[in-house]
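Notes follow the structure.
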Amino acid sequence: MKKKESNRRNFLKFSTMALGGLTLAPAIGSANEISGAGNADSVIEKKLNILCIGGHPGDPEFGCGGTLLKYSDKGHSVTILYLTRGEGWAGDPALSADQAAAIRTREAETSCKILNAKPLFVGQIDGNTEFNKKRSQEMNQMIFSVNPDIVFTQWPIDTHPDHQVTACLTFNAWIESGQKFDLYYYEVDIGSDTYGFFPTDYVDITEVRDRKKAAMWAHLSQGPEKIYEKDFRAMENFRGLEAGVEAAEGFIHFKVKGERANMKGL
């Protein structure tokens, strides 16, 4: 299998799900199931519950805001769950944790309005997040309350501990749910935060790129212009090159056991 051809097929599969084929449910399954679902016009439309989880306000918007916009544009329910309120930094080191949290909560709420998404906050503390039984039960309850069909979360191989904890808590919820929802990982600040990220799937965000930027720019305290120019513009362009479009977001689809139990040649 040629890598370029494989990337193109994966892009077509996921972009079909995320764009005109978003209604190829009853429940979104693996990319392979989607590709075999037939003509989207012949399938009964079902609205999906989309959940995106991030360690801090801004992580979901920067990592996959374009994809979330495409879902909400199609009439699907989009929720963003923030593990913390960003107590650690709000652009001014003189601010208290509570003051920083208040600023970044307002920014997240503004950003979610642009994305037509519902914001939820777990309540852990930025820079001091925990992964234990109590926190897992807390996260499971919040995730299950959304009854998601698809969950996007942060990639665990990341330099930020809060991102690592976010990924682990989400994965644990996927296991506890009986693998009920489709699990996708997204990237942020590739090379400085996210490491070892090789997408299995892509979404073309060319048409919603400016609106995604508006959602990112809502996080004024984080200096979004600098972050975007340093990391995300190049990342979107590069994933677009891989997918054969102007700009794209890349994802890693974590597949269920039966889909992983294969190795070429064996």
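Miscellaneous remarks
- Applied to the range 81-92, the Karplus parametrisation 6.51 cos²θ - 1.76 cosθ + 1.60 on θ = phi - 60° returns per-residue 3J(HN,Hα) values of 10, 9, 5, 10, 9, x, 4, x, 7, 9, x, 9 Hz, with x for Gly and Pro.
- For the range 98-244, the share of accessible area belonging to carbon and sulfur comes to 53 percent (1.4 Å probe, ligands and nucleic acids excluded).
- Rough spin-label spacing in nm, given labels placed 7 Å along Cα→Cβ, for residue 237 and residue 109: 3.7 nm
- If R0 is 22 Å, the Cβ-Cβ spacing of residue 138 and residue 179 corresponds to a FRET efficiency of close to 0.60.
- Rg(Cα)/(2.2 N^0.38 Å) for the range 204-251, N = residue count: 1.13
- Pairs from 213/255; 74/113; 74/230 whose Cα-Cα separation, in the structure shown, is over 20 Å: 213/255; 74/230
- Sequence ranges 206-214, 184-192, ranked by mean other-Cβ count within 10 angstrom, highest first: 184-192, 206-214
- Of all DSSP-defined beta bridges confined to the range 62-206, some 10% are antiparallel rather than parallel.
- The string of couplings for the range 185-190 from the Karplus curve (6.51, -1.76, 1.60, θ = phi - 60°) is 9, 10, 10, 9, 6, 4 Hz, one whole number per residue in order, with x for Gly and Pro.
- Relative to the 2.2 N^0.38 Å rule of thumb, the range 40-154 has a C-alpha radius of gyration ratio of 1.15.
- Backbone HN-Hα couplings from phi across the range 137-149 [Karplus 6.51/-1.76/1.60, Hz, Gly and Pro as x]: 5, 4, 5, 4, 4, 6, 5, 5, 5, 7, 6, x, 8
- Each 10 Å bin from zero holds the following percent of Cα-Cα pairs in the range 156-266: 13, 36, 36, 14, 2, 0.
- Highest average first, the peptides 140-149, 123-132 ordered by how many other beta carbon atoms sit within 10 Å of their residues are 140-149, 123-132.
- Heavy-atom accessible area with a 1.4 Å probe sorts 255, 180, largest first, into 180, 255.
- Backbone amide hydrogens, once placed in the peptide plane, bring residue 121 within less than 5 Å of 82, excluding anything fewer than 5 places away on its chain.
The values are calculated or read from the model by the stated rules, or taken from the named source; none is laboratory data. Because the structure is a prediction, the values reported are computed rather than measured. For neighbour counting, all protein chains shown are included, and Cβ atoms are generated from backbone atoms with ideal geometry for every residue, glycine included. Remember, those area values only see protein heavy atoms, side chains included, never the ligands or the DNA or RNA. Shrake-Rupley method; radii C 1.70, N 1.55, O 1.52, S 1.80 Å.
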